[in-house]
1. Condition test on Leu17, is it open to solvent by less than 90 Å² (accessible area, probe 1.4 Å), under 18 Å from Phe67 (Cα atoms) and either aromatic (Phe, Trp, Tyr) or in contact (Cβ under 8 Å) with a residue 24 or more places away in the chain (or both)?
2. When the residues of segment 37-80 are filtered to those that are farther than 11 Å from Leu8 by Cα, β-branched (Val, Ile, Thr) and within 11 Å of the chain's Cα centre (by Cα), which remaining residue is surrounded by the fewest Cβ atoms within 10 Å (Cβ to Cβ)?
3. Among all residue pairs at least 6 apart or on different chains, which show Cβ distances below 6 Å where the first residue, located in segment 25-36, is in contact (Cβ under 8 Å) with a residue 60 or more places away in the chain and closer than 16 Å to Ser14 by Cβ and the second is of a type in the set (A, V, I, L, M, F, W, C) and in a helix (DSSP H, G or I)?
Amino acid sequence: MIFLITALAVYGLSSLLTSYDGLWGMFKTLRDKYPNSALQCTVCTSVWVAVPTMLLAYFCLPVVLPFAIVGVVIVLERVS
């Protein structure tokens, strides 16, 4: 169960960083600042997001749960 929650959280965070503007355009600004970085690819970003998310899930699962919910919402949005 923790693996599924962590995987959804990683997907949610990676999608937020690579595809959405974020609050006050902060993710877009970050992507524009580093145009040829891993922030252009969801899969590449997920590699770097996975380790800290896994550690957070291991030590403090409630911190990761909102990002897992975001991951589910993004999956449902892309499916429909």
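The values are calculated or read from the model by the stated rules, or taken from the named source; none is laboratory data. Remember, it's a predicted structure, so these values are computed and weren't measured experimentally. Backbone-built Cβ (ideal geometry, glycine too); neighbour counts: all protein chains shown. Please note that ligands, DNA and RNA were not included when accessible areas were found on the heavy atoms of the full protein model with its side chains. Shrake-Rupley method; radii C 1.70, N 1.55, O 1.52, S 1.80 Å.
1. For Leu17, the condition - open to solvent by less than 90 Å² (accessible area, probe 1.4 Å), under 18 Å from Phe67 (Cα atoms) and either aromatic (Phe, Trp, Tyr) or in contact (Cβ under 8 Å) with a residue 24 or more places away in the chain (or both) - is met.
2. Val43
3. none
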